[in-house]
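Below is one structure, written out as structure tokens; comments come after it.
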Amino acid sequence: MLELKNVSKIYNPGAVTELCLFDSFNLTVKDGEFVSVVGSNGSGKTSMLNIICGSIPVSGGEVLIDGKNVNGLHEYQRYRMMGRVYQNPAAGTCPNMTILENMSLADNKGKRYGLSFGVNYGRKQYYREQLSTLGLGLEDKLDVKLGALSGGQRQAVSLLMATLTPIDFLILDEHTAALDPRTAEIIMELTDKVIKEKRLTAIMVTHNLRYAVEYGTRLIMMDKGKVILDKSGEEKQNAKVDDILDIFNRISIECGN
């Protein structure tokens with residue numbers, strides 16, 4: 001279980017540009033939940049993900065994983081228990097390395113590196129099997145550099161790499177935003193499949209309200225560092241895109257947008 005308890009985040013404290021984004025912010029994500037997070041720009045969605053992953057420190061409060069305070073853990077230490085897929089398909093991967101080399105790096109996450117070879121060729125068949133589950137024919141392109149793939153193919157590999165080792169949480173940071181509509185649909189279907197098959201707890205930030213409604217077990221909307229809408233269970237299943245859009249538009253008007 002993931003908990004944010006009384007979290008505060010102040011950017012540029014003491015400066016003219018000081019901004020208090022979170023003030024006693026609380027959120028609990030239960031094991032097995034797939035949470036879709038929506039909200040306007042500046043609502044705190046990505047900052048929340050960065051706080052969870054340890055990319056930025058909190059000004060106050062606690063980040064708890066299974067009841068343990070992880071505030072003192074560095075970003076790389078938290079990634080031993082979580083995977084993250086970014087908006088930019090180029091992030092989280094090495095474009096000048098082959099698919100095989102990228103998969104090997106992901107497979108070694110959290111392990112000690114010595115003077116042995118970074119690529120375990122004995123795992124090639126396993127990587128082929130994992131890539132074949134994507135249905136994109138990438139299992140026959142292990143020696144192709146990742147930078148030569150399309151954006152959708154790279155994002156699919158990123159998703160696979162993020163979940164290659166056992167993790168508890170999958171963080172999806174607008175991971176379909178940079179893709180064309182058809183490719184985005186494929187990636188969302190793959191995402192849902194991976195989360196269900198591996199029984200992951202997932203948090204997905206998205207600007208696509210339809211994805212937020214159609215996928216996941218819980219939907220929350222954020223505004224000005226607060227959760228203003230939280231639907232789960234039957235209420236989430238009965239949610240309509242138009243209803244969510246209406247709330248979103250009302251908030252935008254109130255903000256002068």
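The values are calculated or read from the model by the stated rules, or taken from the named source; none is laboratory data. Keep in mind it's a predicted model, so treat the numbers as computed, not measured. Note that we place each Cβ from the backbone using ideal geometry, even for glycine, and neighbour counts take in every protein chain shown. To get the accessible areas, we keep the full protein, side chains included, count just its heavy atoms, and leave off ligands, DNA and RNA. Shrake-Rupley method; radii C 1.70, N 1.55, O 1.52, S 1.80 Å.
Below are the figures for this structure:
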{"item": "Solvent exposure, largest accessible area first (probe 1.4 Å, DNA, RNA and ligands not counted), of Val194, Val16", "result": "Val16, Val194"}
{"item": "Pairwise FRET efficiency - Ser59 versus Ala15, Cβ, R0 = 22 Å, nearest 0.05", "result": "0.95"}
{"item": "Extension gain, Asp180 back to Ile228 (0.36 nm per residue minus Cα-Cα distance, nm)", "result": "14.3 nm"}
{"item": "Dipole axis of the chain (+1 Lys, Arg; -1 Asp, Glu on Cβ), positive-most option in Thr133, Leu209, Tyr121", "result": "Tyr121"}
{"item": "Normalised per residue, the volume of the convex hull around the Cα set of the stretch 109-198 (Å³)", "result": "120 Å³"}
{"item": "Under 13 Å, Cβ to Cβ, from Phe169 - net charge with Lys/Arg +1 and Asp/Glu -1", "result": "0"}
{"item": "Whole-number D in µm² s⁻¹ for the stretch 2-113, Kirkwood Cα-pair radius fed into Stokes-Einstein, 37 °C, 0.692 mPa s", "result": "205 µm²/s"}
{"item": "Alpha carbon convex hull of the stretch 108-257, projected area averaged over orientations, nm²", "result": "11.7 nm²"}
{"item": "List Ser24, Ser43, ordered by accessible area with a 1.4 Å probe, largest first", "result": "Ser24, Ser43"}
{"item": "Spacing of the two label points (7 Å from each Cα toward its C-beta) at Asp66 and Ala148, in nm", "result": "4.2 nm"}
{"item": "Within the stretch 71-111: Cβ-based charge dipole about Cα centre, in debye rounded to nearest 20 (Lys, Arg +1; Asp, Glu -1)", "result": "180 debye"}
{"item": "Where the stretch 2-140 is the region considered: accessible area per residue in Å², 1.4 Å probe", "result": "52 Å²"}
{"item": "Helix-only mean residue ellipticity at 222 nm for the chain, each DSSP H run of n ≥ 4 adding -39500 (n - 2.57), per residue, nearest 500", "result": "-9500 deg cm²/dmol"}
{"item": "Solvent exposure, largest accessible area first (probe 1.4 Å, DNA, RNA and ligands not counted), of Val241, Val37", "result": "Val241, Val37"}
{"item": "Under 13 Å, Cβ to Cβ, from Gly225 - net charge with Lys/Arg +1 and Asp/Glu -1", "result": "+2"}
{"item": "Rounded to the nearest 20 debye, dipole of the chain from Cβ charges on Lys, Arg, Asp, Glu", "result": "720 debye"}
{"item": "Cα-based helix-to-principal-axis angle, 241-254 vs the chain, degrees rounded to 10", "result": "60 degrees"}
{"item": "Listed pairs Lys45/Lys198; Lys68/Lys109; Lys30/Lys224; Lys9/Lys240; Lys9/Lys231; Lys68/Lys196 exceeding 27 Å between Cα atoms", "result": "Lys9/Lys240"}
{"item": "Cut-off 15 Å between beta-carbons: net charge of the residues surrounding Glu139, Lys and Arg +1, Asp and Glu -1", "result": "+1"}
{"item": "Inter-label distance for Met81 and Asp246, nm, one decimal - labels placed 7 Å from Cα along Cα-to-Cβ", "result": "4.1 nm"}
{"item": "10 Å Cβ shell holding at most 12 others, DSSP loop, chymotrypsin sites (Phe, Trp or Tyr not before Pro): longest site-free stretch of the chain", "result": "118-257"}
{"item": "Cα Rg over Rh - the stretch 53-178, Kirkwood", "result": "1.00"}
{"item": "Fraction of accessible area attributable to carbon and sulfur, the chain (%, probe 1.4 Å)", "result": "49 percent"}
{"item": "Two-decimal ratio, the chain, of alpha-carbon radius of gyration to 2.2 N^0.38 Å", "result": "1.05"}
